[in-house]
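Engineer: Got a structure for you, questions after.
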Amino acid sequence: MLRVTTASLCTYCQRMRLLRPFTASTSTLTHSPNKRPENQHTVDSLYELSVDIRKVRKFKGWVLSESTAYVSETADLLKDMGADTTAIAQILESHPEAFLCRPEDVAAQRDLWVTVCPNRRELMSIIEKFPASFFTVTHHSNQRANILYLQSLRLSKRIIGKLMASAPQSFSRPVESNKEVIHTLRETYLDLGGDEGNLRLWLQKLLSQNPYILLRPAEAWRDSLGFLREQGFTTEELLSLVSSLRASIAELKPDAMQQALGYMEGALQCQGDELKQIVIRCPAILYYDVPTLSGRFQGLMDVGVSMEQVKESPNVLELTPQIVLYRIQKLASYRYDVRSGSLDFIVGTKKDFEMSYSKLKLRQQRPLFNPVAPLRTAED
């Protein structure tokens, strides 16, 4: 028996409505899943700002039913910060919860963000990309305390601003939590032989490359490094791994790393120092799971790459089989066979490969000069 649910009827009504021209009278409770009528003043204010109401209804329809909204006030605040009409509309479309924030809270948030943004243009760029982060107006005292703490470490304003935009959760929690993680990072760096004078730059690199680092428990760092020490990595090698893996090392679990190392030991038929050197040259091995490593290694074997070639260029395991095959075929068009040469031509980023490919292409197209061939003269 066919069952007609309320949800299916709502979907049907919404689809049918899109086929009819919009009129003010159609702004009824049928647009809201919770059956609450829309706030007509909110809807009219958004139309005046050229906001796509259909987009708001589709993804965040509940905001249109709130009795209290500050659409024009929010738009004025954004305009004062340098936003143009298009930017304001886009911000309110992507994060309509913004106009539910009290103007005084948004103004306080603006004043807070100004302390880490060097200019108005950069602040607006952040708001356009991360509106949800900017309009997180709760935990204001925690945000301020965390900013002051990171500034006391002499971290650059740009890094702090990037952290606030990318990982706002780390600023909403008590400053003590972030202090514990930073303390662990400092101890880790110094224990591994890092220099106190370079600590600030090292921290900035970690935080900029992985903004979520502060959300990882301090114990995760200790567990990951403790496991690697047990595998025989020296202090210098561990510092190299931490610097290469950056904050990702705190996301690695000993059991998963053990499985990855076990697979590579069998696949490449190596162990001890040889295996360690392969890992140091390709730290990504530590965070790939066994199915991923197996698929990539087998893909290389299927196209004729040898095990010894993989040992010499282990970074090739960072590429998917599809990318490897594409690059091999592209190089083959200029008579370069990776199976009898080096894999260095295909490893690296897309930009790295394009540069290698361009050099090979130029070398193949350049006419060869024979120093013993007779010179042509005008009489020839």
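We did not get these values from a lab; they are worked out from the coordinates using the rules stated. Computed from a predicted model, the values in this text were never measured in an experiment. A quick note on method: Cβ atoms are made from the backbone with ideal geometry, for glycine too, and the neighbour counts reach across all protein chains shown.
Engineer: Take the chain, drop everything but the C-alpha atoms, weight them equally and run the Debye formula without solvent; then report log10 I(q)/I(0) at 0.08, 0.10, 0.11, 0.14 Å⁻¹ to two decimals.
Structural biologist: Result of the Debye calculation: -0.69, -0.92, -0.99, -1.11.
Engineer: Sticking with this structure for a sec: Compute, for the chain, the length of the dipole vector about the Cα centre, with Cβ point charges of +1 (Lys, Arg) and -1 (Asp, Glu) only. Units Debye, rounded to 20.
Structural biologist: 1160
Engineer: Please give the contour-minus-distance gain from L199 to K129: 0.36 nm per residue of separation, less the Cα-Cα distance, rounded to one decimal in nm.
Structural biologist: Contour length minus Cα-Cα distance gives 22.2 nm.
Engineer: Taking each pair of distinct Cα atoms in the range 149-216 once, what is the resulting Kirkwood hydrodynamic radius in Å?
Structural biologist: Taking the inverse mean of 1/r over all distinct Cα pairs, the range 149-216 comes out at 12.2 Å.
Engineer: Moving on to the next point. To the nearest 20 Debye, how big is the dipole of the range 177-294 about its Cα centre, given +1 on the beta carbon of each Lys and Arg and -1 on that of each Asp and Glu?
Structural biologist: For this selection, approximately 420 debye.
Engineer: Using Cα-only point scatterers and the Debye equation, what is log10 of I(q)/I(0) for the range 84-187 at each q in 0.15 Å⁻¹, rounded to two decimals?
Structural biologist: -0.61
Engineer: How do S224, S166 rank when sorted from fewest to most other Cβ atoms within 10 Å of their own Cβ?
Structural biologist: Listing S224, S166 from fewest to most nearby Cβ atoms yields S166, S224.
Engineer: Compute the Rg/Rh shape ratio of the range 251-331: radius of gyration over Kirkwood radius, all on alpha-carbon atoms.
Structural biologist: Value, to two decimals: 0.96.
Engineer: Okay, moving on. Take the residue pairs K276/K359; K253/K330; K58/K79 and return only those whose Cα atoms are more than 30 Å apart.
Structural biologist: Where the Cα-Cα span goes over 30 Å, the pairs concerned are K276/K359; K253/K330.
Engineer: Quote the charge dipole size of the range 153-245 about the Cα centre in Debye, to the nearest 20; the model charges only the Cβ of Lys and Arg (+1) and of Asp and Glu (-1).
Structural biologist: Here the size comes out at about 660 debye.
Engineer: Would you work out which of V43, S170, I280 lies farthest towards the positive end of the dipole of the chain? Charges go on Cβ: Lys and Arg +1, Asp and Glu -1.
Structural biologist: V43
Engineer: If you don't mind, another one. Under 37 °C and 0.692 mPa s, how fast does the range 192-236 diffuse according to Stokes-Einstein, given a Kirkwood radius computed over C-alpha pairs? Answer in µm²/s, whole number.
Structural biologist: 271
Engineer: Oh, and also: If Lys and Arg each add +1 and Asp and Glu each add -1, what is the summed charge of the other residues whose beta carbon sits under 15 Å from the beta carbon of N142?
Structural biologist: Residues near N142 contribute 0 overall.
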